[in-house]
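*Asks:* Structure in structure tokens, see below.
The values are calculated or read from the model by the stated rules, or taken from the named source; none is laboratory data. Keep in mind that this is a model prediction, so the values were computed, not measured. A quick note on method: Cβ atoms are made from the backbone with ideal geometry, for glycine too, and the neighbour counts reach across all protein chains shown.
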Amino acid sequence: MKGTGKYFIGLLLPPALESQFTKLKQGIAAQFQIKYALHSPAHLTLKMPFRYKEVKERELGLRLTTLLETQEPFQLQLAGIGHFGRRNIHQQVATSESLVQLQMTLRSFCKRSLHLVEELSDRNFQPHVTLAYKDLKPTHFEEVLAFTRKNAGQGEFLVEQAYLLKKVEGRWKAVAPLIFGGNSENVQPIATKEST
């Protein structure tokens, strides 16, 4: 559709964990030629990808930040390697009341105020950070799963903001921080952030 971009809302990992996950994804790519997960920074999806008018991108960021003005920061804990069938391998994230409430708030806002379609994955929220999918072949599944489990790390991190991400030239890039308890008038677009 002309004039629309593809977006999603998610949490990005702090730099140290982002680096750890990028190295793991690069290891999977080098050993198994599974590269699709490198097209986005390590993230936890809160609202599945959707189409939105690009001319309203800044306004969307401001509206989402205003929505999150009362959101308190919270801790998240990584919780081992999991998978969805034989098509997705991911780092699980321990569910917390704060995380579930944040996702429900965004889900409700996107459906009610933005009139976006609610995806099955939005309703069946399972917090995770994807490490291999799309180009993960069933024949390599067990090997990739074993490699990922062997090389996975542990961690806990503080969540103080979410991000609006946009697909640009085939890669997902953060285009606006959605600061918890922030002043929406001071929100500026951020320099694009992508994985290497």
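*Asks:* Taking only the stretch 1-21 into account, find how many residues are among the hydroxyl-bearing types (S, T, Y) and within 14 Å of the chain's Cα centre (by Cα).
*Replies:* Here the count works out to 1.
*Asks:* Okay, moving on. Within the stretch 49-71, restricting attention to residues that are closer than 21 Å to E169 by Cβ and not basic (K, R), which residue is surrounded by the most Cβ atoms within 10 Å (Cβ to Cβ)?
*Replies:* G61
*Asks:* Using the structure shown, decide if H83 is over 22 Å from G181 (Cα atoms), within 15 Å of the chain's Cα centre (by Cα) and not small (G, A, S). Step through it out loud before you land on a result.
*Replies:* Working: over 22 Å from G181 (Cα atoms): yes; within 15 Å of the chain's Cα centre (by Cα): no; not small (G, A, S): yes.
So H83 does not fit the description; no.
*Asks:* Would you check which residues across the stretch 50-73 are in a helix (DSSP H, G or I) and in contact (Cβ under 8 Å) with a residue 24 or more places away in the chain and list them?
*Replies:* Hits for the stretch 50-73 are E54, V55, E57, R58, L60, G61, L62, R63, L64, T65, T66, L67.
*Asks:* Now for a different question. Quick one: in the stretch 54-84, of everything that is small (G, A, S) and in contact with a helix residue (DSSP H, G or I) (Cβ under 9 Å, 6 or more places away or on another chain), which residue is modelled with the lowest pLDDT?
*Replies:* Per the criteria, the residue is G80.
*Asks:* Let me spell it out: the conditions are (1) over 19 Å from Q154 (Cβ atoms); (2) in a helix (DSSP H, G or I), and K25 meets all of them except one. Which number is the exception?
*Replies:* Going through (1) over 19 Å from Q154 (Cβ atoms); (2) in a helix (DSSP H, G or I) one by one, K25 breaks only (1).
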